[in-house]
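Below is one structure, written out as structure tokens; the observations come after it.
Where a number appears in this text, it was derived from the coordinates with a stated rule and is not lab data. Model, not experiment: these values are computed from the prediction. Here the Cβ is made from the backbone with ideal geometry for all residues, glycine too, and neighbour counts use every protein chain on show.
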Amino acid sequence: MKEKILKMLKESSPAYISGEEMAGKLQTSRTSVWKNIKLLQKSGYSVQGSSRRGYRLVETPDLLYPAEISEGLLTEIVAKSPEVIHHFMQVDSTNNCLKLLAEEGAPEGTVVVAEEQTAGKGRLGRSWSSPRGKGIVFSVLLRPPKPLEEISIFTLLTAVAVTRAVRKKLPGIDAGIKWPNDILVKGRKICGILTELKAEADRLHYLVVGIGLNFNHTSDDFPTELKKSATSIFLENDGRHTDRKETTREILREMDSMYREYLTMGAEGILEQWKDLNITLGRKITIKSLRESFAGSALDVDKYGALIVAGPGGERKRFVTGEITTQEFKTRDRDKSPSKL
Ligand code: BTN
């Protein structure tokens with residue numbers, strides 16, 4: 001009922017719509033309309049009431065409610081309806097929350113989005129700082145009918161989707177992908193992606209792809225140790241406002257279209273796009289994996305998304321996971337230390 005009333009208010013905005021008209025369309029009482037208007041106001045919607053003219057939507061809150069995100073979204077798998085988008089003001093981690101839903105049988109494309117995470121998770125056991133309303137943090141459930149060895153492609157695919165969305169929203173922004181899936185702007189990290197999965201033998205049950213895009217952060221919003229190495233859309237847009245809801249929609253649209261492309265046409269196109277947007281290949285890097293630290297030139301990514309590195313003697317090594325450091329990502333003078341994001 002609340003969602004239907006919101007839809008009517010939006011459709012008639014900026015004009016008023018009478019309580020009687022809404023009650024008639026919904027076959028309910030004017031009191032019930034009034035109660036739902038109160039609920040909308042409690043959720044942050046600014047709705048003006050006039051005894052003669054009815055109700056008018058003045059402002060929507062800057063919150064990533066399902067009704068807001070799904071407006072004009074038109075996706076086919078990812079977040080395809082408001083019913084599969086779950087919004088929380090606060091969760092420990094959207095990945096954790098979505099894994100619980102996945103275990104209960106949530107459909108592919110289900111999204112968990114939060115305004116704040118109290119225990120946001122990063123790669124390699126790190127944490128991901130997620131203060132309220134500052135970032136765009138959400139997780140997407142995928143159930144691809146694909147073999148386990150292809151899982152890295154989903155992370156690359158997501159990095160491409162976010163980079164494209166960011167570039168579309170802010171055409172001047174020079175966002176690039178550091179292998180495997182960090183998104184950097186002028187050497188500073190603006191987005192991280194954490195993919196978790198459930199699999200059995202070689203059968204993939206589901207993937208939870210978690211995205212954390214630094215959005216409204218000022219430098220004070222980052223923990224001290226990240227102040228030099230992190231950035232946000234707000235900072236890169238010279239302190240100008242960017243629409244958080246529209247950016248979220250754009251990421252979901254890109255993810256949906258790339259995921260469908262992958263399902264129908266395979267990884268080739270995804271890898272091409274990743275290579276186009278990457279800032280890793282051709283650079284001298286040091287990669288730390290669980291087993292070793294290896295210095296060399298980043299040559300290529302193979303069809304599974306693994307990084308191929310050539311050592312000083314020309315020997316080639318393949319890395320499925322690991323963390324890269326390089327001086328060269330840094331383009332700002334004051335950053336002399338190796339990037340470790
Ligand atoms: C990284 O270390 O770069 C990955 C960061 C991933 C953070 C996102 S925020 C939404 C989702 N939920 C989590 O707990 N982590 C991911």
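Each residue, R30 and K303, gets one label point 7 Å from its Cα in the Cβ direction; the gap between the two is 6.9 nm. Here is the tail figure for region 199-276: Cα pairs spaced more than 22 Å apart come to 49 percent of all pairs.
Close amide-amide hydrogen proximity is noted between A199 and H205, each under 5 Å apart and 5 or more residues distant or on a separate chain (H modeled in the peptide plane; Pro and chain starts excluded).
What trypsin sites (Lys or Arg not before Pro) in region 1-64 are in a loop by DSSP, with at most 16 other Cβ atoms within 10 Å of the Cβ? For trypsin sites (Lys or Arg not before Pro) across region 1-64 that sit outside H, G, I, E and B with at most 16 neighbouring Cβ atoms in 10 Å, the list reads R52, R53. Counted residue by residue at 0.36 nm each, then reduced by the alpha carbon distance between them, the extension gain from E150 to R132 reaches 3.1 nm. In order along region 112-119, phi translates into HN-Hα couplings of 10, 10, 9, 7, 8, 10, 8, 9 Hz, rounded to whole numbers, per the Karplus curve 6.51 cos²θ - 1.76 cosθ + 1.60 with θ = phi - 60° and x for Gly and Pro. Between I136, I17, I211, the Gaussian network model of the chain with springs among Cα atoms under 10 angstrom shows the greatest mean-square fluctuation at I17. Using the Cβ-Cβ distance between M89 and E268 with R0 = 41 Å, the FRET efficiency computed as 1/(1 + (r/R0)^6) comes to roughly 0.50.
Packing order of peptides 316-323, 190-197, highest average first: 190-197, 316-323 (average count of other Cβ atoms within 10 Å over each peptide's residues). Converting phi to 3J(HN,Hα) with the Karplus coefficients 6.51, -1.76 and 1.60 and the offset θ = phi - 60°, region 226-238 yields 9, 3, 8, 10, 10, 9, 9, 4, 4, 5, 6, 9, 6 Hz in sequence order, with x at every glycine or proline.
With neighbour counts taken as other beta-carbon atoms within 10 Å, the residues S13, S139 rank, fewest first, as S13, S139.
Between the amide H of G135 and those of F215, N216, distances stay under 5 Å, these residues lying 5 or more places away or on another chain, with hydrogens modeled in the peptide plane. Coupling constants for region 181-191 follow from the phi torsions by the Karplus curve (6.51 cos²θ - 1.76 cosθ + 1.60, θ = phi - 60°), and in residue order they are 8, 7, 10, 10, 10, 6, x, 10, 7, 10, 8 Hz; glycine and proline get x.
Only helical runs count toward this figure. For the chain, summing -39,500 (n - 2.57) over DSSP H runs of n ≥ 4 and dividing by all residues gives -9000 deg cm²/dmol at 222 nm. Could I get the Rg over Rh figure for region 183-341? Both from C-alpha atoms, Rh via Kirkwood, rounded to two places. Looking at region 183-341, the ratio lands at 0.98. Once backbone amide H atoms are built at 1.01 Å from N, H86 has V111, V112, V113 as its partners under 5 Å, excluding neighbours fewer than 5 places away on the same chain. For the chain, list the DSSP H helices whose alpha carbon atoms reach 20 Å or more along the long axis and whose average Kyte-Doolittle value is -0.5 or above? Helices meeting the span and hydropathy rule in the chain are 151-169. Placing a pseudo-label 7 Å from each Cα along the Cα-to-Cβ vector at K186 and D220 gives an inter-label distance of 2.1 nm.
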